Amino acid sequence: MNYENLIYSLQDLSAEEFVFLKNHMAELDEAEARKFIMFYNSKRRKPNELLLLTCLGFVVVAGIQRFVIGQIGMGILYLLTGGLCLIGTIVDLINYKSLALEYNRKMAFESLRLVKL
């Protein structure tokens with residue numbers, strides 16, 4: 001089935017994320033697709049949120065973005081080393097979209113498992 005309207009209801013959706021979701025929702029019926037979007041929307045992180053949190057690493061506390069995406073070990077490392085002497089924070093500032101996409105893919109698989117239960 002085609003659930004493009006449900007996918008479009010998600011805010012700040014990248015083209016890669018759209019194609020990924022469309023491919024993985026193909027085997028779902030309408031009720032499962034609605035549940036999936038509900039679960040996924042509550043778990044996903046918007047790239048702009050990660051960008052803001054990464055920028056806060058320059059002035060407040062480094063590593064907040066890593067805690068938010070579930071990388072607790074890296075978050076503690078960034079916290080204790082000042083964002084790996086700001087180099088790690090700069091790298092995250094450049095790669096914030098790929099960090100968000102990687103996290104969102106994990107959350108999509110988790111949401112699919114929840115729907116299939």
(message) Restricting to segment 1-44, name every residue that is surrounded by 16 or more Cβ atoms within 10 Å (Cβ to Cβ), at pLDDT 90 or above and of a type in the set (Phe, Trp, Tyr).
(response) PHE20, PHE36, PHE39, TYR40
(request) Mind listing just one residue for me: the one in segment 1-17 that is in a helix (DSSP H, G or I) and charged (D, E, K, R) and, of those, farthest from GLU102 (Cα to Cα)? (result) GLU4
(request) State which residue pairs qualify: first residue more than 22 Å from ASN48 (Cβ to Cβ) and free of Cβ contacts under 8 Å to residues at least 24 places away in the same chain and inside segment 69-80, second residue small (Gly, Ala, Ser) and part of a loop (DSSP other than H, G, I, E, B) in any location, beta carbons under 6 Å apart, and separation of 6 or more residues or different chains. (result) LEU79/GLY63
(request) Give the residue that is nearest to the chain's Cα centre (by Cα), with candidates limited to residues of segment 101-117 that are touching a residue at least 60 places away in the same chain (Cβ under 8 Å) and surrounded by 15 or more Cβ atoms within 10 Å (Cβ to Cβ). (result) ASN104
(request) Evaluate segment 69-87: report whether one residue or more is within 11 Å of the chain's Cα centre (by Cα) and among the hydrophobic types (A, V, I, L, M, F, W, C). (result) yes
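Here is a yes/no grid of residues against (1) touching a residue at least 12 places away in the same chain (Cβ under 8 Å); (2) touching a helix residue (DSSP H, G or I) at 6+ places or on another chain (Cβ under 9 Å); (3) in a helix (DSSP H, G or I):
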| site | (1), (2), (3) |
| --- | --- |
| VAL19 | no, no, yes |
| ARG34 | yes, yes, yes |
| PHE39 | yes, yes, yes |
| ARG45 | yes, yes, no |
(request) Considering each residue of segment 47-72, count those that are among the small types (Gly, Ala, Ser) and part of a helix (DSSP H, G or I), and give that number. (result) 1
(message) For segment 85-100, which positions are assigned to a helix (DSSP H, G or I), of a type in the set (A, V, I, L, M) and in contact (Cβ under 8 Å) with a residue 12 or more places away in the chain?
(response) LEU93, LEU99, ALA100
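The values are calculated or read from the model by the stated rules, or taken from the named source; none is laboratory data. Bear in mind the structure is a predicted one, so any value in this text is a computation, not a measurement. Cβ: placed from backbone, ideal geometry, glycine included. Neighbour counts: every protein chain shown.
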